[in-house]
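Scroll down for the structure; my scribbles are underneath it.
The values are calculated or read from the model by the stated rules, or taken from the named source; none is laboratory data. Quick caveat: nothing in here was measured; it's all calculated off a predicted structure. Methodologically, a virtual Cβ is constructed for each residue, glycine included, from the backbone with ideal geometry; neighbour enumeration extends over all protein chains shown.
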Amino acid sequence: MLKVMAAAVAAFGVLAGSAVADTYPSRPITLVVPFSAGGPTDTVSRLVAEAMGKDLGQQIVIENVGGAGGTLGAGRVAKSDPDGYTLLLHHIGMATSVPLYRKLPYDTLNAFEYVGLVTEVPMTIVGRGSLEPTDLKSLIDYVKTNKDTVTYANAGVGSASHLCGLLFMSRLETPLTTVPYKGAGPAMTDLVGGQVDFICDQTTNTTSQIRAGKIKAYAATVKERLASLPDIPTAAEAGLPDFNLTVWHGMYAPKGTSPEIVAKLTAALQKALKDPNVVKRFADLGTTPSTEAEATPDALKAKLVSEIERWTPVIKAAGVYAD
Amino acid sequence: MDIVTELFSNLSLGFGTAALPVNIGFCFLGVLLGTLIGVLPGIGPTATIAMLLPITFNFEPATSLIMLAGIYYGAQYGGSTTAILINLPGESSSAVTAIDGYQMARQGRAGPALATAALGSFFAGSVATILIALFAPPLTEIALKFGPAEYFSLMMLGLVASVALASGSVLKALGMVVIGLLLGLVGSDVNTGAQRFTMGFLELADGLNFVALAVGVFGIAEILRNLENESDREVMVKKVTNLWPSKEDFKAMIAPTLRGTALGSVLGILPGGGAVLSSFAAYTVEKRISKTPERFGKGAIEGVAAPESANNAGAQTSFIPMLTLGIPANPVMALMIGAMIIQGIQPGPNVATEKPELFWGLIASMWIGNLMLVLLNLPLIGLWVRLLTVPYTMLFPAIVAFCCIGVYSVNSNAFDLYAVAAFGLLGYVLVKLDCEPAPLLLGFVLGPMLEENLRRAMTISRGDPTVFVTRPLSATLLLIAVAVLVITFLPAVRAKRDEVFQEEA
């Protein structure tokens, strides 16, 4: 009897679900971006949202819910109705907030459904224009010999540049003086002005300054050379193997969103990532859209799990917390 | 000669772009929107530009940037309107305008105050535009010389000078600065990420919201004060004397406008905090050099002309680091950079050479936009002044509603609304204690930057405090700060100040 009832309930659920999914989306969708407007994540989100909206036949409206390293926005989505009308686009911070925050307002691995990976933005190790070393090997030697005077800038606790710095120092086994800034913009200003020595940051922030010759580029933290900056060697080529680091972005929905709706979103995301306009604009940002195989729920989940495992020991060893 | 010919060819290229009918149209739309959101308390240009960003996807890059820029400097014009009429600054830069502008309005001189603000802004905007066209690249190089040590010294100077903002007791003004500094401490420590005074609220991790604080201590507090006693409520319309500044007014505003423009242009270039400081600094300078400093805080026209010119000049020159380096001086500039990226333009040092029609078109459009703004705002003065005749049973709830919408729109966060309520109460208490909120606001804005740059400078110098006096720029700024301190407390000056107060008493 129970089995029958359960089956009936399940069947009803599937029916109701598919009925909803058939008409989904029937009104505009909100995509929460947990950072302020105008930043790299916001830009990526707006480009993808516009293309996905065209495919789904409904506008996707960006809502910037900034603050606390993206955890406020993620928390908002975690508590939203799982009806497919509130989505989240978050970056690597989704994984690093697990060790960085002792009191996260949501359970990262159990509060979301996964739509897919969106893009992996490469990072570059760059130094002020007047820094002596000309390649990564000599930079490493220089950093080791001058470890008491060299300064490494970052864009604040938990930022991509902070994480890259932690990884760099742990690989070199050389602790350095870190100069934190409120955001990538001010950090880049001081690097261009020669106030600090070097930083490792996303291509979105560094490409134009590298091209203009205002700063020195030492390496890109990816496996293959960047199409947008082909002269810069990969970290492995430059003598730092396995130093791969990207600011990956993924799209999420609240836990309990029906699989049909998630499937629709994944399909729309995959289509959007092939849109020529999106591909071109991403290239301008120095990045490429995720492939169809990466823009899937499974790939995003695997990425999130592996990145939590990767960063937790590094961050714990550094003893930093963001709360 | 070459420079001049080059400038003319560049400017003609720019005006060629800016004068296209579509660009003129969107420039007008931008400044109109900017004026409107500037007038609506709490809704700032950052939120508006963020909301309009997606619409600009389908425009030409130049058109989109021209409109977004128009919103930004249009808001500088509009922002002074509420500051003057109802003591409600929407942005830090118009907080200073409220001090004397609102007093002018209470004396029935809202018209001249608004006209002064519009004319001063237009003049400053025009000068700053020429400055950008002529000197953008060399000015950027100077701005880059400002490291953490220089910023610290500049903020010190700003704080020392801020006491001059007070029209009453120096002690109370100092107290307000300190409370402002303390409020500025709330949030995550930049160096360690440790939470300070957040009391477990993640919403406070990025600090208190400036708009919530300003709207609360200025606007809500003023409304509360007006609600106190029905017979005391101010009906300003009775006393509106004239809409246009008199000959004496014009004479009195010329020099402050020039000084304000110069100060604003210089400080606006500095990324981070420069533009904020400019209106405070301009006001302080005017009060210092005035023969009758006691009129300040009681409706001095110089106290409107100087900061309004300064903030508009600063708003304009804050485009310089963005245009020449691709570095944002404030959140609005960050959005402009976002707009460029979405348009497929990589902001940075190469924009001027790779996209000259965009670069010069934007600059030329700034002047056109400023002209539109002054033509738009002067006839509107009569309308704004009539707004004051709206019965307060309607006006006050409307103001509160707009404030709440504006504050909520910044971060889509209800927590900020509770903050408005709390600061409204605080502001009311301060009014009752005769404490002025302007120094508090300055402390709040400068405090975090002061701390951040102090610690950054000390980190880079590895704990050596002499860095502040061995770097020439920093040492000069500190010297000026000391000089200001000495002048403030020199016996002769103090005697004069006391005398002034006795006269009042």
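Scanning the stretch A:121-167 for residues that are surrounded by fewer than 23 Cβ atoms within 10 Å (Cβ to Cβ) and either at positive phi or assigned by TED's automatic domain parsing to the domain that holds A:Gly286 (or both) returns a single hit, A:Gly156. For the stretch A:93-111, residues that are touching a residue at least 40 places away in the same chain (Cβ under 8 Å) and out of contact with any Gly (no Cβ under 9 Å at 6 or more places or on another chain) total 7.
Checking the condition more than 16 Å from B:Leu388 (Cβ to Cβ), modelled with pLDDT under 80 and crowded, with 23+ Cβ neighbours inside 10 Å, which residue from B:Ala128, B:Ala47 passes? The unique qualifying residue is B:Ala47. When the criteria are applied in full, B:Asn413 fails the requirement of being buried (at least 19 other Cβ atoms within 10 Å of the Cβ), farther than 15 Å from B:Asn209 by Cα and in contact (Cβ under 8 Å) with a residue 60 or more places away in the chain.
Only a single item in (1) under 27 Å from A:Arg76 (Cα atoms); (2) in contact with a helix residue (DSSP H, G or I) (Cβ under 6 Å, 6 or more places away or on another chain); (3) assigned by TED's automatic domain parsing to the domain that holds A:Asn110 is not met by A:Ala263, and it is number (2).
Using the structure shown, decide if B:Gly79 is assigned to a helix (DSSP H, G or I), more than 14 Å from chain A (Cβ to nearest Cβ), buried (at least 23 other Cβ atoms within 10 Å of the Cβ) and among the small types (Gly, Ala, Ser). Yes. Scoring B:Met394 on the criteria (1) on the phi < 0 side of the Ramachandran plot; (2) in contact with a helix residue (DSSP H, G or I) (Cβ under 6 Å, 6 or more places away or on another chain) leaves a single failure, condition (2). Considering only the stretch A:104-112, I want to know if a residue exists there that is more than 14 Å from chain B (Cβ to nearest Cβ) and either part of a helix (DSSP H, G or I) or of a type in the set (Gly, Ala, Ser) (or both). Yes, that holds for at least one residue. Taken over the stretch B:319-333, the criterion of being at the interface with another protein chain (Cβ under 9 Å from one of its Cβ atoms) and free of Cβ contacts under 8 Å to residues at least 40 places away in the same chain is satisfied by B:Gly326, B:Met333.
For the criterion of being within 14 Å of chain A (Cβ to nearest Cβ), small (Gly, Ala, Ser), within 25 Å of B:Leu131 (Cβ to Cβ) and buried (at least 24 other Cβ atoms within 10 Å of the Cβ), B:Gly338 fails. Scanning the stretch B:300-348 for residues that are among the hydroxyl-bearing types (Ser, Thr, Tyr) and out of contact with any Leu (no Cβ under 7 Å at 6 or more places or on another chain) returns B:Ser309, B:Ser318, B:Thr324.
Checked against (1) at pLDDT 80 or above; (2) closer than 30 Å to A:Ala184 by Cα, A:Arg27 passes all but condition (2). Restricted to the stretch B:393-410, and to residues there that are surrounded by fewer than 16 Cβ atoms within 10 Å (Cβ to Cβ) and without any contact (Cβ under 8 Å) to a residue 40 or more places away in the chain, the residue that is nearest to B:Ser153 (Cα to Cα) is B:Ala401.
Taken over the stretch A:220-249, the criterion of being among the hydroxyl-bearing types (Ser, Thr, Tyr) and either free of Cβ contacts under 8 Å to residues at least 24 places away in the same chain or out of contact with any strand residue (DSSP E or B) (no Cβ under 8 Å at 6 or more places or on another chain) (or both) is satisfied by A:Ser228, A:Thr234. In the stretch B:199-212, the qualifying residues are those that are assigned to a loop (DSSP other than H, G, I, E, B) and within 9 Å of chain A (Cβ to nearest Cβ), and the one that is surrounded by the fewest Cβ atoms within 10 Å (Cβ to Cβ) is B:Gly200.
When the stretch B:52-73 is filtered for residues that are surrounded by fewer than 24 Cβ atoms within 10 Å (Cβ to Cβ), among the aliphatic types (A, V, I, L, M) and in contact (Cβ under 8 Å) with a residue 40 or more places away in the chain, only B:Leu53 remains.
In the stretch A:33-81, of all residues being of a type in the set (A, V, I, L, M) and within 9 Å of another protein chain (Cβ to nearest Cβ), the one that is farthest from A:Glu260 (Cα to Cα) corresponds to A:Ala68. Highlighted here are the helices (runs of 4 or more DSSP H) found entirely within the stretch B:82-198 that include at least 1 residues which are away from chain A (no Cβ under 14 Å) and under 16 Å from the mean Cα position of the chain (by Cα): B:92-106, B:110-144, B:148-162. Applying the set (1) over 20 Å from the mean Cα position of the chain (by Cα); (2) within 14 Å of chain B (Cβ to nearest Cβ); (3) surrounded by 18 or more Cβ atoms within 10 Å (Cβ to Cβ) to A:Thr287 leaves exactly one unmet item: (1). Going residue by residue through the stretch B:432-455, is there one that turns out to be within 14 Å of chain A (Cβ to nearest Cβ) and outside any helix (DSSP H, G or I)? No, there is no match, as no residue in the stretch B:432-455 is within 14 Å of chain A (Cβ to nearest Cβ) and outside any helix (DSSP H, G or I). The residues in the stretch A:53-103 that are farther than 25 Å from A:Ala322 by Cα and part of a helix (DSSP H, G or I) can be counted, and the count is 4. Scanning the stretch B:329-374 for residues that are polar (S, T, N, Q) and over 19 Å from the mean Cα position of the chain (by Cα), we see that the one that is nearest to A:Pro276 (Cα to Cα) is B:Gln343.
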